[in-house]
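The values are calculated or read from the model by the stated rules, or taken from the named source; none is laboratory data. Only a predicted model underlies this, so the values are computations on that prediction, with no experimental measurement involved. Positions of Cβ are backbone-derived with ideal geometry, glycine not excepted, and every protein chain shown enters the neighbour counts.
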Amino acid sequence: MTEPGFSCFVVRKGSDGSITASMERQPRSALPAGEVLIRVRYSSLNYKDAMAATGNAGIVKTFPHVPGIDAAGIVQESSDPRYTPGMQVIATGHELGVERWGGWSDYVRVPADWLVPLPAGLSLEEAMILGTAGFTAAQCVQALLHQGVMPEKGPVAVTGATGGVGSVAVMLLSQLGFQVVAVSGKGDQTNWLKSLGAAEVAGRDLLTDPKNRPLLSAKFAGGVDTVGGSVLTNLCKMIQHRGCVACCGVAGGGELGLTVYPFILRGLTLSGIDSAWCPDDVRAEIWKKLATTWKPKQLQAVKRIVPRSKMQPEVEKILKGENVGRVVVDVE
Ligand code: NDP
């Protein structure tokens, strides 16, 4: 009898170093070891997935590889008593889609500790509209609140605002009552960003400083930065006294060209955000908030649902900085 197979999006590296990606069938035994087998219903597209789908050596260490740092689906088999067949679960981060075959697959098998039971108030689809991007945006908002950045302190900036993390951050912050200045390179998305709750939309030139001064006019109480590089540098120089910037992304560059002055004269806090290895208790708490009090009312407005076989153009788009909102990967 042949072993039951399943479909997945497989990235391969040829002997000449060339990278190819296509839908393939694999036997169930190809899945890695782990306590819980999940039938995936939806995954999503994050910047990291696009890097994995193009065989980026910083992300993919072994080939063949299946991308997808997010998965939402139904437990099929479990040797861990916390999870029973039929339960709806979310898996995000850890090694999923990086060291381990990820969610662009009919099935994933993972350690039970990586899972969060789908919280009441979210569907599997909604969980993947949020995905790692939404989870990261929520962690950024949490960091600002933790540092005392409240709506009455002044406007907050969100960079890379049309992207996955940025668009969810705009929704979350505006729902919490913040005056959000969305910073975006896509002038044609101004109305869309305003519909998500941005009070103002500014071009990327807001965060340039050809003179490379140590401090700039303090315009913002805080910020969520998904871009890094000079954008993050200049945002930090524009934060009011005792403000905070949550730094989570590298879409525009990994360098940071700051002096100590924003820290020692304005008391800036630069809060680093890491989603992959976020502690379990914090992870569960954030998902609960996203399902209840923080659940974005405009969630459906940021999603596009795309089947795995049509992911290649989406991968190219996100790598070029042209993505808008969240791509949910349909795994039917
Ligand atoms: P997206 O591509 O969806 O969003 C990034 C946005 O950044 C783009 O849409 C664009 O927005 C802007 N942008 C892109 N390139 C440039 C550039 N060269 N200069 C200035 N702005 C640029 O990606 P995600 O939202 O999924 O991820 C954003 C970043 O956050 C990525 O670097 C990703 O790796 C990181 N990330 C980090 C996590 C963590 O745990 N720390 C978790 C998830 C993501 P616009 O056109 O509106 O300016």
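Scanning the stretch 265-277 for any residue that is out of contact with any Ser or Thr (no Cβ under 9 Å at 6 or more places or on another chain), in a loop (DSSP other than H, G, I, E, B) and surrounded by 20 or more Cβ atoms within 10 Å (Cβ to Cβ) turns up at least one such residue.
Whether a residue is assigned to a helix (DSSP H, G or I), surrounded by 14 or more Cβ atoms within 10 Å (Cβ to Cβ), within 10 Å of the ligand (Cβ to nearest atom) and not polar (S, T, N, Q) was assessed, and Lys288 does not pass this test.
Do you know which of the residues in the stretch 100-142 that are over 21 Å from Pro67 (Cα atoms) and either among the polar types (S, T, N, Q) or at pLDDT below 95 (or both) is farthest from the chain's Cα centre (by Cα)? It comes out as Ser123. Would you confirm whether or not the stretch 210-222 contains a residue that is near the ligand (Cβ under 9 Å from one of its atoms) and closer than 23 Å to Gly272 by Cα? Checked against the condition, which is being near the ligand (Cβ under 9 Å from one of its atoms) and closer than 23 Å to Gly272 by Cα, the stretch 210-222 yields no hits at all.
The condition of being surrounded by fewer than 19 Cβ atoms within 10 Å (Cβ to Cβ) and within 22 Å of Pro313 (Cα to Cα) holds for only one of Ile69, Ile59, Ile19, that being Ile19.
With the requirement that a residue be assigned to a helix (DSSP H, G or I) and within 16 Å of the ligand (Cβ to nearest atom), what does the stretch 228-245 give you? Selection gives Gly229, Ser230, Val231, Leu232, Thr233, Asn234, Leu235, Cys236. Under the condition of being surrounded by 14 or more Cβ atoms within 10 Å (Cβ to Cβ) and without any contact (Cβ under 8 Å) to a residue 60 or more places away in the chain, the residues counted in the stretch 317-332 number 1.
Scanning the stretch 291-305 for residues that are surrounded by fewer than 16 Cβ atoms within 10 Å (Cβ to Cβ) and either in a strand (DSSP E or B) or hydroxyl-bearing (Ser, Thr, Tyr) (or both) returns Thr292, Thr293, Arg304, Ile305.
Filtering Asp280, Asp274, Asp225 for residues that are under 18 Å from the mean Cα position of the chain (by Cα) and away from the ligand (no atom under 12 Å from the Cβ) leaves a single hit, Asp280.
Sort out for me the helices (runs of 4 or more DSSP H) sitting completely within the stretch 114-203 that have 1 or more residues that are among the β-branched types (Val, Ile, Thr), touching a Ser or Thr at 6+ places or on another chain (Cβ under 8 Å) and buried (at least 24 other Cβ atoms within 10 Å of the Cβ). Break it down into steps so the answer makes sense when it comes.
Details: elements: 124-146, 164-175, 190-196.
It comes to 124-146, 164-175.
With respect to the conditions (1) assigned to a loop (DSSP other than H, G, I, E, B); (2) more than 15 Å from the ligand (Cβ to nearest atom); (3) at pLDDT 95 or above; (4) more than 16 Å from the chain's Cα centre (by Cα), Glu332 falls short on a single one, namely (3).
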